[in-house]
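The values are calculated or read from the model by the stated rules, or taken from the named source; none is laboratory data. Not measured: the values here are computed from a predicted model. Cβ placement follows ideal geometry from the backbone for every residue including glycine, while neighbour counts extend to all protein chains displayed.
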Amino acid sequence: MGTSVLSLRIDGELLDRLRHHAAKRGMSVQDYVVRTLIRDDFDERFQTAVEETEKFYGVTSDPAGPLA
């Protein structure tokens, strides 16, 4: 798997917030953003897999969750 460069132009205030969040975790801004994107992608793929499994078994889940 190769790597590519993605350049972003973002607001200074947002960059400051990203720096703060990254620093709390001892990460660079670049690593923090990449990990956030990976986590979001995983969450989306996991949710899709759950929905497909429920469709296959004919089960519907409560979107509020089991504790609601």
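Considering the conditions (1) modelled with pLDDT under 90; (2) surrounded by 10 or more Cβ atoms within 10 Å (Cβ to Cβ), Asp62 is excluded by exactly one of them, (2).
Condition first: part of a loop (DSSP other than H, G, I, E, B) and acidic (Asp, Glu). Now tell me which residues in segment 1-18 satisfy that.
Taking segment 1-18 as the starting set, the residues that turn out to be part of a loop (DSSP other than H, G, I, E, B) are 1-11.
Asp11 - this is the single residue of segment 1-18 that is part of a loop (DSSP other than H, G, I, E, B) and acidic (Asp, Glu).
For segment 21-51, a residue qualifies if it is among the aliphatic types (A, V, I, L, M) and either surrounded by fewer than 13 Cβ atoms within 10 Å (Cβ to Cβ) or over 21 Å from Val5 (Cα atoms) (or both), and the qualifying residues are Ala23, Leu37, Ile38, Ala49, Val50.
Results for (1) in a helix (DSSP H, G or I); (2) at pLDDT below 90, shown as yes or no for each residue.
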| position | (1), (2) |
| --- | --- |
| His20 | yes, no |
| Met27 | no, no |
| Gln30 | yes, no |
| Val33 | yes, no |
| Ile38 | yes, yes |
| Asp41 | yes, yes |
| Glu44 | yes, yes |
| Thr48 | yes, yes |
| Phe56 | yes, yes |
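Name every residue in segment 3-19 that is under 15 Å from Arg35 (Cα atoms) and surrounded by 12 or more Cβ atoms within 10 Å (Cβ to Cβ), in order of residue number. Matches in segment 3-19: Leu18, Arg19.
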